[in-house]
Amino acid sequence: MLDIKNLQKNFGNLRALDGVSLIVESESITGLIGPNGSGKTTLFNVVSGFYPKDGGEITFKGERIDGLTPDEIAKRGLCRTFQIAKAPEKLTVLENMLLAANGQRGENPISALFKRRLVSKQEKENLGRATELLTMLQLTHLRNEFAGNLSGGQKKLLSLGRMLMRNPDLILLDEPTAGVNPTLANDLLEMIRRLQKELQKAFLIVEHNMKVVANLCEKVFVLNFGKVLAEGTPEEIQQNEQVLKAYLGGT
Amino acid sequence: MPVVNFLIYLLIMIGIYALLALSLNFQVGFTGLINFGQVAFFAVGAYTSCLLVCKAGIPIVLGFLCGMILSGLFGYLISIPTRSLKADYWAIVTLAGGEIVRLIAVNEGWLTEGSFGVMRIPQPLKHLLSKGTYPLFYLVLVAACVVFMYFVLRLLINSPFGRNLKAIRDAEELCLSLGKNTRKLKMEAMIVAGAVAGLAGALFAHYITYISPENFQPIETFLMWAMIIVGGRGNHAGAILGAVVIQVFNVSTRFIVRYVPLGPDVVAPLRMVIIGLLIVAFLLFKPEGLVKEKKKIYELKDNQAGEL
Amino acid sequence: MDLPQIIANSLVRAAELSLLAIGLTMVYDILKFANFAHADYAILGGFLVYTFNQAFGLNLFLSIILAALATGVISIAIDKAIFKPLRKREAKPVTLMITSLGIAIALRNTLRLIWTSKPKTYAIPLQKPFEILGARITPTQIGIVATGLVFMITLHLLLHRTTLGKALRAISDNRVLASACAIDSERMIQWMWFIAATFGVIGGTMIAMEHLLYPRLGFDILIPIFCVAILGGIGNPYGAMLGALILALAENVILALDFGYILSLGGLFKVGSIQINTGYKAAISFVILIIVLLFRPTGILGRK
């Protein structure tokens with residue numbers, strides 16, 4: 001589904017991405033790990049269109065997407081979350097969810113003014129879906145709270161909630177369980193697995209928690225100094241000497 | 001009698017500036033577009049309407065409409081070169097844009113009568129009413145426009161379109177990652193805001209019956225900014241309240257000259273010093289303004305989600 | 001087109017603009033916001049020079065030094081009272097910018113209150129211009145260019161040869177890290193305001209010397225200064241110097257150009273004289289600013 005060939009990204013003299021090639025298969029959960037500064041978030045930023053590339057190709061669902069703006073890429077079905085979860089502060093949690101809904105008709109002034117009945121109907125439907133998702137994420141009690149007042153972990157949950165509302169084909173998750181309590185983290189992982197099975201979604205997940213990676217991902221890519229150090233199943237990776245060296249002996 | 005006339009004048013000016021504040025608030029308070037050149041919309045609306053009416057002889061209603069359309073178009077034009085700019089560059093460009101419009105008004109005399117200004121601007125339905133009741137009619141007209149625009153803007157802000165704008169203001173990158181074309185949304189916001197401010201311009205021109213580039217100095221933009229900062233950004237009532245407060249202050253200090261031993265040379269700059277200090281004071285001590293931004297609350301009733 | 005004269009005029013204007021732009025770009029670099037009151041600080045200084053010089057009869061140079069000191073102190077006071085609390089509150093740069101607009105309005109009109117809107121001059125006696133390489137230039141103008149050069153060199157030495165300069169550059173790169181290295185950022189920020197004010201006052205006085213001194217001058221030069229700073233690369237004082245030169249040349253050349261002559265391809269076709277109205281002189285910097293922001297927002301020497 002996502003095919004990255006020889007991607008390069010430089011910041012001045014720093015080679016943040018130095019010829020990265022990786023593939024995310026449809027309906028798979030792929031992990032992306034690596035020490036801090038290895039280029040994981042930079043990779044996300046380039047793939048999702050926030051940073052321009054300096055070389056290489058990115059193909060999504062058969063189409064080249066490098067060079068497109070972030071919103072064009074998102075419209076094609078590739079969405080991402082941010083390492084430090086973002087949320088418009090003065091929109092409530094519910095409004096955040098509604099924001100993410102697809103195919104809203106009232107998003108320009110003309111239809112907002114003249115197609116009110118249609119817009120209203122859509123809003124009600126989206127509201128229903130949003131409330132269900134919030135229940136699943138255990139955020140219902142915060143539904144009318146300004147998103148700016150949420151804790152970091154709650155904002156992460158909200159990010160995932162927005163992804164679920166949006167329903168993209170490929171989701172890039174940047175440290176989805178960081179700051180989330182362990183029980184809820186487990187539920188999240190369950191949700192991710194369900195989405196993969198039932199809705200044929202694909203995931204590329206950046207994670208530091210090896211247990212999560214081992215549990216969830218079918219394939220893992222290890223990044224170090226902007227290069228792919230190793231790729232394989234979680235078991236293979238955990239036994240790879242170079243990987244162990246790079247992480248200074250960590251699982 | 002003169003007191004009543006003065007009050008009507010005051011209320012009309014409050015109304016016109018309320019429209020300008022609503023327009024500026026739509027850009028700044030809801031979309032996060034820092035427009036330091038708002039006076040340009042005001043000028044485009046005023047000049048378009050009165051020039052078309054005076055020189056091309058079109059009916060005044062059409063003049064008003066053209067003023068709004070051209071101002072909206074100007075909003076579209078401004079949004080193009082500024083689409084990828086950060087807030088501070090955006091502010092500088094709009095400041096420059098406002099001055100360019102004024103310079104064009106001064107220098108292109110063949111179009112705008114330059115510094116001489118446009119005189120004897122006709123007033124709508126003047127011949128139908130007596131001289132005494134006309135101001136009252138105009139007040140009703142302005143008030144109707146304000147009420148109308150208040151509801152239109154409120155409708156827009158409460159729609160998915162408005163939600164997108166607020167999201168752009170607070171977290172533009174997130175909007176992009178959710179597939180929102182933020183450049184297009186900002187352009188649409190500018191067109192709407194431009195049209196509202198253009199209406200204010202047309203109302204102004206046909207009330208005062210004489211305009212010149214002097215009416216469109218940067219000071220006007222600063223007054224409008226004071227209105228939205230004092231009144232409160234992020235809500236329409238705040239914009240209108242701000243217009244009331246600042247305009248009352250503005251207009252009343254003009255008449256204080258008669259009762260206070262300060263010459264007009266002192267009162268005019270002193271007034272603006274206070275305006276500047278008000279902006280600073282509110283941003284320091286009461287940044288949300290007099291009226292805070294409201295939360296949109298959805299209530300759930302018997303499994304049926306609905307808006308409160 | 002009188003090329004030598006254009007170059008001479010441009011050098012003078014460049015000297016004036018660059019000192020003003022350097023202060024603006026410094027504040028943007030270190031405090032990360034566009035100070036819309038910067039030009040008004042400079043003109044405040046200009047008025048103080050006028051008062052010391054004309055009202056108290058002090059020597060012009062002494063007046064400038066005193067005015068620079070006074071303006072520096074005032075700008076530090078304003079920072080302590082207004083910008084520092086906002087910084088502590090982690091206010092967004094946009095908020096700081098709007099606040100500076102409020103300060104600009106208040107300051108500009110305070111100048112009007114104290115000194116009235118009637119334009120003032122420094123009563124510099126009419127001078128006979130020298131003829132250098134085909135251009136006419138007065139001693140005052142030569143002094144302006146020389147002063148500009150001296151101060152640009154001083155700035156370079158300051159930034160690279162003194163501990164203060166190194167500290168300022170450290171803060172500009174990373175304020176948190178700088179504090180960790182025991183650099184007292186608040187103290188440095190006060191020095192920054194002082195330097196910016198001094199450069200601004202000198203630049204503003206030079207402009208007022210050439211033309212007139214009036215309260216609105218701050219607003220009139222604000223956009224050209226922004227243009228210079230952004231054109232050269234915001235945050236980079238060397239960019240400000242380069243940008244000043246380019247803008248000054250552009251202004252003089254564009255006004256002198258007869259577009260009709262160009263369009264007629266040097267006399268091949270019959271096209272009447274088309275010159276830009278001098279009333280649009282101010283607009284030249286506006287248009288250049290918009291073009292730069294459209295095509296190269298980082299400016300010529302900009303980083304990142």
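Values in this text are rule-based calculations from the coordinates and carry no lab data. Keep in mind that this is a model prediction, so the values were computed, not measured. Here the Cβ positions follow ideal geometry from the backbone for every residue, glycine too, while neighbour counts run over all protein chains shown.
Here the dipole of chain A is about 840 debye; that uses its Cα centre as origin and unit charges on the Cβ of Lys and Arg (positive) and Asp and Glu (negative).
So what is Rg over Rh here for region A:23-100, counting just Cα atoms and using Kirkwood for Rh?
On the way: Rg = 14.4 Å, Rh = 14.4 Å.
A ratio of 0.99.
Start at zero, step by 20 Å, and the Cα-Cα distances of the protein assembly as shown spread as 13, 40, 35, 11, 1 percent across the bins. Mind checking region A:106-139 for trypsin sites (Lys or Arg not before Pro) that DSSP puts in a loop (not H, G, I, E or B) and that have at most 16 other Cβ atoms within 10 Å? Here the trypsin sites (Lys or Arg not before Pro) that fit, given the DSSP loop and packing criteria, are A:Lys115.
From the square roots a ≥ b ≥ c of the eigenvalues of the alpha-carbon gyration tensor of region C:87-201, which class results: rounded (a/c under 1.5), prolate (a/b over b/c), or oblate? Taking the square roots of the gyration eigenvalues as a ≥ b ≥ c, region C:87-201 is oblate. Among the chymotrypsin sites (Phe, Trp or Tyr not before Pro) in region B:179-273, those located in a DSSP loop and surrounded by at most 11 other Cβ atoms within 10 Å of their own Cβ are B:Tyr259.
Based solely on its DSSP helices, what 222 nm [θ] is calculated for the protein assembly as shown when runs of n ≥ 4 H residues each add -39,500 (n - 2.57) and the sum is averaged over all residues, nearest 500 deg cm²/dmol?
Values: 35 runs with 525 residues, N = 863.
After summing the helix terms and dividing by residue count, I get -20000 deg cm²/dmol.
Please sort by residue number the trypsin sites (Lys or Arg not before Pro) in region B:231-303 whose DSSP state is loop and whose Cβ has at most 11 other Cβ atoms within 10 Å.
Counting only loop positions with at most 11 other Cβ atoms within 10 Å, the trypsin sites (Lys or Arg not before Pro) in region B:231-303 are B:Arg258.
For region A:198-251 versus region B:43-107, the spacing of their alpha-carbon centroids is 57 Å.
Mean per-residue shielding of peptide B:181-188 is 3, counting Cβ atoms of other chains within 10 Å of each Cβ.
Taking every lysine pair in chain C that is 8 or more places apart or spans two chains, those with Cα atoms closer than 19 Å amount to 9. Starting from the Cα gyration tensor of region B:1-98, take the square roots of the eigenvalues, sort them a ≥ b ≥ c, and report rounded, prolate or oblate (rounded when a/c is under 1.5, otherwise prolate if a/b is larger than b/c, else oblate). Since a/c reaches 1.5 but b/c is at least a/b, the shape of region B:1-98 is classed as oblate. For region A:1-31 and region C:276-297, write down the distance between their C-alpha centroids in whole Å. With region A:1-31 and region C:276-297 each reduced to a Cα centre, they are spaced 42 Å.
Look at the Cα gyration tensor of chain C: its axes a ≥ b ≥ c give a/c of at least 1.5 with a/b over b/c, and that counts as prolate.
Where the centre of each part is set by its Cα atoms, how far does region B:250-294 sit from region A:104-177, in angstrom? Between the Cα centre of region B:250-294 and that of region A:104-177, the gap is 43 Å.
About its Cα centre, the protein assembly as shown has a charge dipole of approximately 1360 debye under the convention of +1 per Lys or Arg Cβ and -1 per Asp or Glu Cβ, with nothing else charged. Residues B:Met227, C:Met206 in ascending order of nearby Cβ atoms (within 10 Å, fewest first): C:Met206, B:Met227.
Just round it to a whole percent: the fraction of Cα-Cα distances in region A:192-240 exceeding 16 Å.
Working: 510 of 1176 pairs.
Here the long-distance tail beyond 16 Å is 43 percent of all Cα pairs in region A:192-240.
Tell me, C:Ser100, B:Ser79, A:Ser21 in order of fewest to most beta-carbon neighbours within 10 Å? The partial results should precede the final answer.
Working: C:Ser100 24, B:Ser79 21, A:Ser21 15.
Going from least to most buried by this count: A:Ser21, B:Ser79, C:Ser100.
Per residue of B:215-221, other chain Cβ atoms within 10 Å of the residue Cβ number 2 on average.
Around the Cα centre of chain C, unit charges on the Cβ atoms of Lys, Arg, Asp and Glu (plus for the first two, minus for the last two) sum to a dipole of about 680 debye.
In the calculated pair-distance distribution of region A:91-149, the portion above 19 angstrom amounts to 33 percent of the Cα-Cα pairs. Per residue, the convex hull spanned by the Cα atoms of region B:2-217 amounts to 118 cubic angstrom. Sites counted here are chymotrypsin sites (Phe, Trp or Tyr not before Pro) in a DSSP loop (not H, G, I, E or B) having no more than 10 other Cβ atoms within 10 Å; the longest part of chain C that contains none of them is C:57-268.
For the options B:Ile256, B:Ile12, B:Ile246, a Gaussian network treatment of chain B with springs between C-alpha atoms closer than 10 Å singles out B:Ile256 as fluctuating the most. The mean count of C-beta atoms from other chains within 10 Å of the C-beta of residues in B:98-104, rounded to a whole number, is 4. Of the residues B:Pro160, B:Val280, B:Ala197, the one whose Cα sits farthest towards the positive end of the charge dipole of chain B is B:Pro160 (charges of +1 on Lys and Arg Cβ, -1 on Asp and Glu Cβ, taken about the Cα centre).
For chain A, taking Cα atoms only, Rg and Dmax work out to 18.8, 64 Å respectively. Sorted fewest first by neighbouring Cβ atoms within 10 angstrom, A:Val206, B:Val152, A:Val220, B:Val244 come out as B:Val152, B:Val244, A:Val206, A:Val220.
Taking A:Gly37, A:Gly148, A:Gly12 in turn, the Gaussian network model of chain A (Cα-Cα springs below 10 Å) assigns the largest fluctuation to A:Gly12. Who wins for biggest fluctuation among B:Leu156, B:Leu129, B:Leu203 in a Gaussian network model of chain B, springs between alpha carbons below 10 Å? Answer for the Gaussian network model of chain B: B:Leu129.
First select every other residue whose beta carbon is under 15 angstrom from the beta carbon of B:Ile80; then total the charges, Lys and Arg +1, Asp and Glu -1. All intermediate terms of the calculation are to be shown ahead of the outcome.
Values: positive: B:Arg83, B:Arg183, B:Lys184, B:Lys186; negative: B:Glu188.
My count for the surroundings of B:Ile80 gives +3.
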